[in-house]
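Contents: one structure, followed by commentary.
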Amino acid sequence: MSGRGESLSRLSLGAIFVLALVLRIVCVAQYEGHHPNANRPVIDEASYDSWAREIAGGEVVGKTIFFQEPLYPYWLGVVYAASGDDATTQRSVARYSQAVLGALTAALSALLAAKLFSARAGIVAGLGVALHRTAIWFPTLLLKENLFLPLAVLLALLLVTTRDVDEREGATRARRWVTWALVGVLAALGALLRGNLLVLLPCFVAWPIARAVLEHRAVVRAFAASLAIVAGIALVLVPVALRNHAVGGRFVLTTSGAGTNFYGGNNLANPFGLATEFDWVRGIPEHEADDWRREASRRVGAELDATQTSSYWMSAAFASMREHPREHLAILANKLRLTLGRYEVPDNHFLEWDARFVPLLGLALPGFEVWGFLALGGALLFGFDFVLRRGSARARPAAFEVLVFTALYVATVVLTVTSERVRLVLVPLLLPFGGFAIDEIRALLDGPRRGISLSIAYALAGLAVFVPVLPAEKRAKDFDERDYNLAVRLMREDDIERAAPLVEHLQQLHGGSADVQLLTAELEWRRARVVLDQVAGTSRMPEPTAKLVESALTRLAALARRADAKTRFRAQLLAGSIREYLGHWPQAETEYRGALAFDAEDRDLRRRLARVVGEQAMQDSNPARKTERLREAASILERLLAEKDEPEVAEPSPPAFRDAETALLKTLQRGLAGIVVTGGGIILREENVRILRGMGRIIWLDADEEILWQRASRHSTRPLLQTPDPRARFAELLRERLPRYQTAADHRINASRSSIAAVTDEIIALL
């Protein structure tokens, strides 16, 4: 058996690639055909999907310092841009592309094993990755690990290649420099996929020097190699840091989320170091960075920016470690055991829950209990072998370096947060050592020379892989959390019929849970809303419906009194929405102001508050109070307008939008009195004008054409202006609509240069 390994035949490598690809393609097809979330990305998937859509649409630079690692959404954005405009097609192309990347990972792992050990070891490693159940499943998910896996194995292969180049006679200085520079490039790209790899960048810089010192070689050439690695890292990360400085005013090397990630996996409230939600974080990616910043600012008593927020949470974790060292050692031990254990710890997604919808995953495919056990035992056996044979030709220092790289990666996982997605890369990196173990087991057939080492290695691997860490009830709860998430999504889509059984089941199992109580209240309200939408305008609410509304409000009031800040926010927001619908304006205002205590910057919440304040003003018989309250509502709206513009969402096609507009008007026609603010196109239908006239007086807010154009052109997503000459199209639309405005309006106000408060005063005078 050669210390440099053996080559793997193209036939074997091709067979491994094809097998891995077919399994992943089948899995993707079944997932897209049966899974309820196939076209409804959730949590991190939703964040990456939305981000990639912005990039594909031309928003390449972005507006804030990166909070999540950016390389995957940029790759996804390129895939989306090349896949047309249909969102379903874009996601499907991305998943099938990830299936190819997964098959490539299996082939790269086979190449790595063959290079380190033997062709037989390569076949074992390649087949292991190809058949690994979790690796087959992962291309269905729009997550960064799909890009990180082949990159990490390629990085390991490149480290082995640097040894070959350094030892090869005749290798030019330029070739050595380029090879080591590529190590830096790949390591930096890895840090833009998984933040924990950022911690290892100094280790990669020191790698050639450590190799030279340990092997008693001249260090001059090693220093040149280190400089090449630094150059490779700089080539990737300096542009990212410059971009972060340009948009956020600070040089942040990759992201501002390091401190929050570290605190998330190292705090006393999280004894197993799992991905978890804190009382102050909503668990929605677009709010996550602000929620962490807001809580840090509250604790410090001063407004913090993104990098200061990261530093605060990092310091908080270290302070806790100093005060409670024993407890934190236990947390680190739990994370190590979970990282090496058979249980696939969920994070956003849960393999066993997804297997309910994907028939291939329901088959008896081997998982970490097989491949992790084989790989970890082989790694331990190789470690024993290396220590005993350091001076021999069989010592295989290249394989030892791959093992060190993998161990360092595991250390970074243990220091942060562990889950199935974080430890997935261990399979393709460690399975070459499983192939090594298979070679050694075959050698035992010629005589029991290595039996003791092998037995000890696999006994330790068995303890690590098969001894449970999490309590059984926690593992059972993982299913319920996914049922909960599905129920939430179904209710957001008004699919009450499918959501109700899930909510009722969760209520039976976890009736005391604040989240389940909140979900139950929302179900009760949505059931009541179905009836109320049909009987709007009648003076009496049906008794069963009234009981549902009362029960929902009672649950929400109890949650607002005793729940954590995040749940209290959600409860008050829902209670405010119910009160607003019912026309209980003072109660709605109280609920909304309570919710604003959690997030005072929530734009939608402030719009809602302005509406209920304005509604109360319109019903106030005291002229002074009415004017004061209307000005308060106007002031809230004026502050919203003064803030940085947020991108608009492209409207649906005009016919569909106009149909929805008319349907909404008919609903409002039967509702309570109030102010209805419309878009300029609403008067294009005579039916809409008739409905508006029946509801009250129509006030036309007009302005000079140039000012109207400036306001309309702030965003590039208005569907009617998607033409080669949007300015000319705008003028044409204005000319077409002007006669209709003049005919439909009871009053006209020129708002060209007036403030919101001044326009409000004019409206009050007309009323």
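Summary table
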read-out: For segment 130-225: relative contact order, % (alpha-carbon pairs under 8 angstrom, 6 or more apart); value: 23
read-out: Cα principal axis extents for the chain, largest first, Å; value: 99, 57, 52
read-out: Signed unit charges on C-beta, dipole axis of the chain, positive-most listed residue 642, 405, 694; value: 405
read-out: The chain, dipole about Cα centre (Lys/Arg Cβ +1, Asp/Glu Cβ -1), debye to the nearest 20; value: 1580
read-out: Per-pair calculated FRET efficiency, R0 = 25 Å: residue 460 and residue 326 via Cβ, rounded to 0.05; value: 0.55
read-out: Gain upon complete extension [residue 604, residue 541; 0.36 nm per residue less C-alpha separation]; value: 19.8 nm
read-out: Segment residue 551-residue 729, length gained on full extension (0.36 nm per residue, minus Cα span); value: 58.9 nm
read-out: log₁₀ of I(q)/I(0) at q = 0.11, 0.12, 0.16, 0.24 Å⁻¹ - segment 282-378, Debye sum with one point per alpha carbon; value: -0.61, -0.70, -0.93, -1.17
read-out: Whether segment 455-553 is rounded, prolate or oblate, judged on the alpha carbon gyration tensor where a/c under 1.5 counts as rounded; value: prolate
read-out: Percent carbon-and-sulfur accessible area, the chain, ignoring ligands, DNA and RNA, probe 1.4 Å; value: 60
read-out: Heavy-atom accessible area per residue - the chain, 1.4 Å, Å²; value: 46
read-out: Relative contact order of the chain, pairs being alpha-carbon contacts under 8 Å that are 6 or more residues apart, as %; value: 11
read-out: Between 0 and 90°, nearest 10: helix 726-744 axis offset from the chain longest Cα axis; value: 30
read-out: Distance (nanometres) between label positions extended 7 Å along Cα→Cβ at residue 618 and residue 492; value: 3.0
read-out: Tilt relative to the chain, helix 306-323 - C-alpha long axis, 0 to 90 degrees, to 10; value: 60
read-out: Furthest towards positive pole of dipole, 569, 434, 222, structure part the chain, Cβ charges; value: 222
read-out: Options 17, 74, 28, ranked by Cα towards positive dipole end of segment 1-123, top entry (Cβ charges); value: 17
read-out: In degrees, nearest ten, helix 686-695 long axis to first principal axis of the chain (Cα); value: 70
read-out: Pairs of Lys in the chain closer than 30 Å at Cα, counting only those 8 or more apart or on different chains; value: 18
read-out: Highest to lowest packing among 325-332, 685-692, 67-74, scored as the average C-beta count within 10 Å; value: 67-74, 685-692, 325-332
read-out: Computed FRET value (nearest 0.05) for residue 743 with residue 357, which takes r as the C-beta separation and R₀ as 45 Å; value: 0.25
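The values are calculated or read from the model by the stated rules, or taken from the named source; none is laboratory data. Please read these numbers as outputs of a predicted model, since none were measured by experiment. Here the Cβ is made from the backbone with ideal geometry for all residues, glycine too, and neighbour counts use every protein chain on show. Heads up: the accessible areas ignore ligands, DNA and RNA and are worked out on the full protein's heavy atoms, side chains in. Shrake-Rupley method; radii C 1.70, N 1.55, O 1.52, S 1.80 Å.
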